[in-house]
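The values are calculated or read from the model by the stated rules, or taken from the named source; none is laboratory data. Just so we're clear, the structure is a prediction, and the values are computed from it rather than from any experiment. Quick reminder, even Gly has a Cβ in these numbers, built from the backbone with ideal geometry, and neighbours come from all protein chains shown. These area figures cover heavy atoms from the full protein model, side chains too; ligands, DNA and RNA do not enter into them. Shrake-Rupley method; radii C 1.70, N 1.55, O 1.52, S 1.80 Å.
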Amino acid sequence: MPPRVTILGLGYIGLPTAALLASRGLRVQGVDTNPAVRAQLAAGRAHIAEPEVEALLERGLRTGLLSLHETPPPAEVFLLAVPTPLGPDRAPVLEHVFAAARAIAPALAEDNLVLIESTSPIGTTARVAELLRALRPDLGALHLAYGPERVLPGRIMTELVENDRVAGGLTPEATRRAVAFYRHFVRGAVLGTDAATAEMVKLAENAFRDVNIAFANELSLIAEARGLDVWRVIALANRHPRVNILRPGPGVGGHCIAVDPWFLAAAAPEAARLIPAARAVDAAKRAHVIARAAALAEAGERLICLGLAFKADVEDLRESPALAITAALAQRFPGQVVAVDPHLAAPPEGLGAPLVALEEAFAAPGAVLVLTDHAAFARIPRAWLAGRALIDTRGLFREEESG
Ligand code: SAJ
């Protein structure tokens, strides 16, 4: 018999996972504390823009395999996919994870598996186990494991199935059970380890990307200072069989890469030198983009800011450098800045600049600042750019060279 699964947190990870598990024939009980989210999902409408999720949600509800709840019902597997944001002091905020643990405590039974998927500092799974044991001293065997997700927004449904996956238990039995659970829907390899290793693996993956992008951004500043084309430099360097430099940009955004490195650095601050340095490079790159655009605005130029989302072809604004840069410029140069983002219907709160259509933005003179490489921007006729100052942080309008 496939296990019943109770999933806490129906967000970017919880909802796609719930919908996928239901499509595999498992009975899934989705829990979200937000009544508005539950109401929207109950109507078959996904509150995240992610391909395939809505269709599977709708099917899960129709077949009755997926149900929605305010409080966690009993199950064999409990999966925690709640947010772990960064606090004002850069310390990870674990209150949602602990609240989820307190919420499942009354529903737990002997031999249940509790899987934490939220990005978490090293040692979180052990702390959750301690909390559950304190709340339910009557329970004998309870199996806790950490199973970090590594899916890319925009490709979540594919990557949930195809990617290799790490699952680390607090005991070998918990690891065995976590690995067996993921095999219900993962086609990639499921790699068992211990919980703390799995927690560090997740943080290492995102910190690696952050450090690599910081390196690309540092190269972009060096290349600019020497009048060189950083894109050309990186393309040629990457032809070395053991070099793979990522792309420069206006800085790193999103809910993971800009946040998780701090979780890792906090594990041993005295040992972490490179990780904070990468974050500092990121801040410096954002400041540099603002300074270049400000120089144009000071000379009287109107600024056309292309993109507000944190990366291409999504509507997600979390930690977005594009949004932060545009808002900073709008505040300094009121009335001189317009923003364009075809993925947004309304300007985000606090932007301080109008959100206009592409055609309207280009109807008047103005310098162009490319902040997000949305596909729609790549299609802008080159004639529209003629005679305008251009700051292209993404290399979007760079002429491709062969070789
Ligand atoms: N970026 C660059 N240059 C690049 C690649 C990305 O500037 O070459 C920027 C993007 O524009 C964006 C930010 O980095 O602002 C992050 O975007 P991303 O596409 O690298 O990653 P996310 O945040 O959408 O998803 C990451 C992924 N982690 C890794 O690739 C190691 C994903 O697999 C994780 O599941 C996700 O974080 C997460 O939830 O942790």
Considering only residues that are more than 16 Å from the ligand (Cβ to nearest atom) and open to solvent by 20 Å² or more (accessible area, probe 1.4 Å), look in the stretch 1-31 and name the one that is nearest to ALA345 (Cα to Cα). SER23
Would you tally the residues in the stretch 320-349 being touching a Leu at 6+ places or on another chain (Cβ under 9 Å) and open to solvent by 10 Å² or more (accessible area, probe 1.4 Å)? 12
Would you confirm whether any residue within the stretch 160-181 is surrounded by fewer than 22 Cβ atoms within 10 Å (Cβ to Cβ), of a type in the set (Ser, Thr, Tyr) and under 22 Å from GLY25 (Cα atoms)? no
Has the stretch 353-366 got any residue that is out of contact with any strand residue (DSSP E or B) (no Cβ under 9 Å at 6 or more places or on another chain), closer than 27 Å to GLY154 by Cβ and not aromatic (Phe, Trp, Tyr)? yes
So ALA297 ticks every box in (1) within 16 Å of the ligand (Cβ to nearest atom); (2) out of contact with any Gly (no Cβ under 9 Å at 6 or more places or on another chain) but one. Which box is left unticked? (1)
Is it true that some residue in the stretch 294-314 is under 19 Å from ILE48 (Cβ atoms) and among the acidic types (Asp, Glu)? yes
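Only one of VAL252, VAL233, VAL259 is in contact with an Asp or Glu (Cβ under 6 Å, 6 or more places away or on another chain) and within 16 Å of the ligand (Cβ to nearest atom); which?
Details: VAL233 fails: in contact with an Asp or Glu (Cβ under 6 Å, 6 or more places away or on another chain); VAL259 fails: in contact with an Asp or Glu (Cβ under 6 Å, 6 or more places away or on another chain).
Just one listed residue meets the conditions, VAL252.
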Please work out which one of (1) more than 11 Å from the ligand (Cβ to nearest atom); (2) among the small types (Gly, Ala, Ser); (3) touching a residue at least 60 places away in the same chain (Cβ under 8 Å) is the condition ALA214 fails and give its number. (1)
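Have a look at ARG187, ARG247 and point out the one that is open to solvent by 40 Å² or more (accessible area, probe 1.4 Å), within 23 Å of VAL314 (Cα to Cα) and touching a residue at least 12 places away in the same chain (Cβ under 8 Å).
Working: ARG187 fails: within 23 Å of VAL314 (Cα to Cα).
One residue alone meets the criteria, ARG247.
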Please go through the stretch 357-375 and pick out each residue that is buried (at least 16 other Cβ atoms within 10 Å of the Cβ) and away from the ligand (no atom under 16 Å from the Cβ). LEU358, ALA361, PHE362, GLY366, ALA367, VAL368
Residue satisfying all of: in the stretch 89-105; in contact with a strand residue (DSSP E or B) (Cβ under 8 Å, 6 or more places away or on another chain) and assigned to a helix (DSSP H, G or I); surrounded by the fewest Cβ atoms within 10 Å (Cβ to Cβ) among these: ALA103
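Please indicate, with yes or no, whether at least one residue in the stretch 58-67 is closer than 24 Å to HIS255 by Cα, modelled with pLDDT of 95 or more and assigned by TED's automatic domain parsing to the domain that holds ARG177. If you could, list the steps in order and put the result at the bottom.
Initially, the stretch 58-67 is screened for residues closer than 24 Å to HIS255 by Cα, giving none.
Looking through the stretch 58-67, none of the residues is closer than 24 Å to HIS255 by Cα, modelled with pLDDT of 95 or more and assigned by TED's automatic domain parsing to the domain that holds ARG177.
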Here are some residues: ILE275, ILE304. Which one is within 16 Å of the ligand (Cβ to nearest atom) and touching a helix residue (DSSP H, G or I) at 6+ places or on another chain (Cβ under 8 Å)? ILE275
Can you tell me which residue in the stretch 139-161 is farthest from the chain's Cα centre (by Cα), limited to those that are closer than 18 Å to TYR182 by Cβ and more than 16 Å from the ligand (Cβ to nearest atom)? HIS143
Filter the stretch 307-336 for residues that are in contact with a helix residue (DSSP H, G or I) (Cβ under 9 Å, 6 or more places away or on another chain) and hydrophobic (A, V, I, L, M, F, W, C) and give the result. LEU308, ALA309, PHE310, ALA312, LEU317, ALA324, ILE325, ALA328, LEU329, PHE333
Restricting attention to the stretch 310-321, does a residue exist that is closer than 24 Å to VAL259 by Cβ, within 16 Å of the ligand (Cβ to nearest atom) and of a type in the set (Gly, Ala, Ser)? yes
ALA357: passes all of (1) farther than 30 Å from ASP210 by Cβ; (2) in contact with an Asp or Glu (Cβ under 8 Å, 6 or more places away or on another chain) but (2)
